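Structure record follows, encoded as structure tokens.
The values are calculated or read from the model by the stated rules, or taken from the named source; none is laboratory data. On a predicted model such as this, the values are computed, not experimentally measured, just so you know. Glycine also receives a Cβ, built like all others from the backbone with ideal geometry; neighbour counts cover every protein chain displayed.
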Amino acid sequence: MTVGLLTVEAYLPAAHSLKDKRRILHRVLDRIRNKHNVSASEVGDNDVWQRASIAVCMVANDSAFVDSALAKIVTEIEKYLEGEIVDYRVDLRR
């Protein structure tokens, strides 16, 4: 069994309030959850308008599959996020 954790730090210049930020993140996180069957949530910078910390977790038998799926999720976040990814990290635990 492999547990994969993707953490993403994002900059959201389009967010001018916490309501804007949550609207942007809600759309992206729902899309990721539904398409990839993962757990995804905002985990930090909750009170900062233009920054977001997102975590995505996945569990599977094959570590190569988890790594590949999390890489696809990073690409999808870049595509649908109204902002830019500043940094991201993938951790795999067996």
Residue check, Leu6 surrounded by 15 or more Cβ atoms within 10 Å (Cβ to Cβ) and part of a strand (DSSP E or B) | yes
Scanning for something in a helix (DSSP H, G or I) and among the aliphatic types (A, V, I, L, M), does region 40-60 turn up at least one residue?
-> no
Yes or no: Arg89 touching a strand residue (DSSP E or B) at 6+ places or on another chain (Cβ under 8 Å) and either within 13 Å of Val3 (Cα to Cα) or part of a strand (DSSP E or B) (or both)?
-> yes
Of all residues in region 64-80 being surrounded by fewer than 15 Cβ atoms within 10 Å (Cβ to Cβ) and aliphatic (A, V, I, L, M), the one that is farthest from Arg31 (Cα to Cα) = Ala64
Would you pick out the residues in region 61-78 that are more than 13 Å from Leu5 (Cβ to Cβ) and more than 12 Å from the chain's Cα centre (by Cα)?
-> Asn61, Asp62, Ala64, Phe65, Ser68
Does region 66-91 hold any residues that are in contact (Cβ under 8 Å) with a residue 40 or more places away in the chain, of a type outside the set (Val, Ile, Thr) and out of contact with any Leu (no Cβ under 8 Å at 6 or more places or on another chain), and which are they?
-> Ala69, Glu76, Tyr80, Glu84, Asp87
Inspect region 26-34 for any residue being of a type outside the set (A, V, I, L, M, F, W, C), at pLDDT 95 or above, touching a helix residue (DSSP H, G or I) at 6+ places or on another chain (Cβ under 9 Å) and more than 18 Å from Ile85 (Cβ to Cβ) and give the result as yes or no.
-> no
Taking first residues from region 42-58 that are among the aromatic types (Phe, Trp, Tyr) and second residues anywhere that are not in a strand (DSSP E or B), the pairs with Cβ under 8 Å that are 6 or more apart or on different chains are Trp49/Leu12; Trp49/Ala15; Trp49/His16; Trp49/Ser17; Trp49/Leu18; Trp49/Asp20; Trp49/Lys21
Looking at region 23-60, which of the residues that are charged (D, E, K, R) and loosely packed, with under 15 Cβ neighbours inside 10 Å is farthest from Val74 (Cα to Cα)?
-> Asp47
